[in-house]
1. What is the set of long-range amide H partners of K81 at a cut-off below 5 Å, with H atoms built 1.01 Å from backbone N?
2. Could you compute how much accessible surface K99 exposes when probed at 1.4 Å, giving the result in Å² to the nearest 10?
3. If ligands, DNA and RNA are left out, what is the accessible area of V52 with a 1.4 Å probe, given in Å² to the nearest 10?
4. Could you give log10 I(q)/I(0) at q = 0.16, 0.21, 0.34 Å⁻¹ for the range 51-93, computed by the Debye formula over C-alpha point scatterers of equal weight, without solvent?
5. Karplus couplings for the range 58-66 from phi (6.51 cos²θ - 1.76 cosθ + 1.60, θ = phi - 60°), rounded to Hz, Gly and Pro as x?
6. Given H placed 1.01 Å from N in the peptide plane, which residues other than close sequence neighbours of L150 have an amide H under 5 Å from its amide H?
7. Starting from the amide H of T71, placed 1.01 Å from N in the peptide plane, find each other amide H under 5 Å away whose residue is 5 or more places distant or on another chain.
8. Going by average Cβ density within 10 Å per residue, which order do the peptides 38-48, 55-65 take, highest to lowest?
Amino acid sequence: MTAQRRERDEPAAAPTGGRRHVYLCPLRWGDMDAFGHVNNVEYLRYLEQARVDWMFETAREAGVDQFSLGTVVARHEIEYKRPLVYRAAPVRVEIWVTKIAAASFVCAYEVRDEDALYAVAQTTLVPFDLAEQRPRRIAPEENFYLRQYLLDPAPAVKAARAV
């Protein structure tokens with residue numbers, strides 16, 4: 001089902017040559033809060049859906065299965081730019097990598113459509129050995145996959161960090 005909502009990963013406009021994974025996330029009527037716009041908690045679910053599609057589906061198609069064996073969220077940051085209201089059309093969630101360390105990496109996101117930017121976010125992820133219940137190093141195959149998506153943070157993400 002997720003593969004039907006995924007668009008082709010797009011080369012970024014940045015000169016680094018990285019790419020962004022694009023996930024078209026459907027909105028649900030129940031995502032709205034009492035004020036008639038998508039509740040802030042739902043944005044984290046949208047990010048999760050895009051991340052799972054990118055790390056589990058797209059990575060598996062590229063021959064990288066390690067992410068699905070254990071990866072945990074260590075930190076989330078999100079800045080809401082404008083309200084998103086329910087509509088039939090999906091919202092576009094773009095995800096890319098901004099930092100790769102020995103045992104963690106950071107992903108940035110934009111939740112947007114053609115006309116508006118609704119949120120910018122970033123997540124620190126840690127590969128995790130479920131059997132040993134401890135973090136593990138990023139495998140060479142994972143590192144190679146992540147580097148294909150390595151870009152500088154978007155200006156909006158940088159601004160969110162500065163606040």
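The values are calculated or read from the model by the stated rules, or taken from the named source; none is laboratory data. Bear in mind the structure is a predicted one, so any value in this text is a computation, not a measurement. Neighbour counts are summed over all protein chains in view; Cβ atoms, including those assigned to glycine, are modelled from backbone coordinates with ideal geometry. These area figures cover heavy atoms from the full protein model, side chains too; ligands, DNA and RNA do not enter into them. Shrake-Rupley method; radii C 1.70, N 1.55, O 1.52, S 1.80 Å.
1. A119, V120
2. Surface open to solvent at K99 totals about 120 Å².
3. 60
4. Per q value, in the given order, log10 I(q)/I(0) is -0.67, -0.85, -1.17.
5. My calculation for the range 58-66 gives 5, 5, 4, 4, 8, x, 10, 9, 4 Hz in order.
6. Those lying under 5 Å, H to H, from L150 are R19, V97.
7. F128
8. On the way: 38-48: 17.6, 55-65: 15.6.
Put in order of decreasing packing, that is 38-48, 55-65.
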